[in-house]
């Protein structure tokens with residue numbers, strides 16, 4: 001089993017901030033917009049280095065999306081940053097009409113996603129954003145797992161001619177992917193080889209999946225861990241290839257099961273190679289206020305929940321083989 005080591009903990013929003021600053025130094029067409037959350041989005045360094053390319057629009061997210069769409073007409077690449085809840089639920093009409101429908105090259109960069117936002121509670125812990133954004137034609141949806149990957153993804157989206165929704169988080173989480181990596185949009189990453197079950201994970205659940213694989217390995221179960229950082233376009237070839245080998249699937253995400261990554265993978269499998277599947281995610285509930293780690297356990301989004309799902313789906317697979 002491959003060994004991924006935690007190289008300390010960093011918040012993914014800081015990965016976005018560093019990636020944005022690097023973009024500012026290498027691409028003069030990159031401009032940044034923020035809705036009164038510059039510090040929270042770690043956009044200060046870009047603002048200080050390139051004040052003429054930074055626009056503080058205030059608490060006016062809908063206006064920010066429309067301004068961003070307009071800036072693309074002049075050849076700019078707008079990076080619009082705010083909390084995930086405000087970047088989707090509050091401004092869905094503007095994104096649909098002015099960005100997705102018009103196919104404008106706007107990069108919507110959304111921090112503080114999921115229940116790991118913690119103490120801010122249910123009104124800010126959006127768990128529906130991936131579903132909302134992946135349903136929009138022309139929209140690319142990316143959900144990164146750690147600091148290094150978020151930085152790489154931020155740099156990569158600037159050269160990708162498409163509206164993009166880039167999702168990341170607030171808390172410090174294990175940083176384990178390679179530094180200065182090349183981020184390939186739409187290309188899944190196999191982290192471990194396995195024969196008994198495939199675990200497709202995204203965002204903060206990638207590290208939990210790796211830890212779950214260690215637990216499973218202790219009882220003789222080998223899990224193939226695949227990091228689905230790009231939810232749309234989904235790497236269907238990687239999905240089908242892995243599942244044809246292992247014969248069963250677990251999906252893991254910090255998002256509603258309805259409309260999430262797992263639903264997309266289930267759709268691919270149903271059309272190509274139907275196999276038993278279990279989904280680890282939030283099951284038709286809103287979030288609540290609490291410490292991030294405690295909430296992840298309470299909502300069943302931790303390594304132990306992934307282990308339970310893996311054992312369950314393997315039993316389902318074995319039952320089908322007997323039949």
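Only the coordinates and a few stated rules stand behind these numbers; no lab work does. The structure displayed is predicted, hence computed values, not measured ones. Virtual Cβ from ideal backbone geometry, glycine too; neighbours counted across all protein chains shown.
Overview of values
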{"item": "Estimated [θ] at 222 nm from DSSP helical runs (n ≥ 4, -39500 (n - 2.57)) normalised by residues in the chain, nearest 500", "result": "-11000 deg cm²/dmol"}
{"item": "Length-normalised contact order of the stretch 9-174 in % [C-alpha pairs under 8 Å, at least 6 apart]", "result": "31 percent"}
{"item": "Global geometry of the stretch 257-323, whether rounded, prolate or oblate, following the gyration tensor of its Cα atoms and the 1.5 cut on a/c", "result": "oblate"}
{"item": "Euclidean distance of C-alpha centroids, the stretch 81-123 and the stretch 130-153, integer Å", "result": "11 Å"}
{"item": "Share antiparallel - DSSP beta bridges, the stretch 134-277, percent rounded to 5", "result": "20 percent"}
{"item": "Cα-based convex hull, the stretch 184-323, per residue volume (Å³, whole number)", "result": "107 Å³"}
{"item": "Packing-based ranking, highest mean first, of 267-276, 109-118 given that Cβ atoms within 10 Å are counted", "result": "109-118, 267-276"}
{"item": "For the stretch 33-96: rounded, prolate or oblate by the Cα gyration tensor [a/c cutoff 1.5]", "result": "oblate"}
{"item": "For the stretch 9-174: rounded, prolate or oblate by the Cα gyration tensor [a/c cutoff 1.5]", "result": "rounded"}
{"item": "Between 0 and 90°, nearest 10: helix 261-272 axis offset from the chain longest Cα axis", "result": "60 degrees"}
{"item": "Considering only the chain, percent of DSSP beta bridges that pair antiparallel, nearest 5", "result": "15 percent"}
{"item": "For 40, 242, order by how many other beta-carbon atoms lie within 10 Å, fewest first", "result": "40, 242"}
{"item": "Ranking of 129, 36 by count of other Cβ atoms within 10 Å, fewest first", "result": "36, 129"}
{"item": "Relative exposure of 20, 33, 71, judged by other C-beta atoms within 10 Å (fewest first)", "result": "71, 33, 20"}
{"item": "The stretch 7-72-the stretch 219-283 distance, computed between alpha-carbon centres (Å)", "result": "32 Å"}
{"item": "The chain, relative contact order [Cα under 8 Å, separation at least 6], %", "result": "18 percent"}
{"item": "The stretch 217-323: relative contact order as a whole-number percent, Cα under 8 Å and 6+ apart", "result": "27 percent"}
{"item": "The chain: most fluctuating residue of 128, 254, 22 per GNM, C-alpha cutoff 10 Å", "result": "22"}
{"item": "DSSP beta bridges in the stretch 9-174 [antiparallel fraction, %, rounded to 5]", "result": "10 percent"}
{"item": "Cα-only Debye scattering, the chain: base-10 log of I(q)/I(0) at q = 0.07, 0.08, 0.09 Å⁻¹", "result": "-0.26, -0.34, -0.43"}
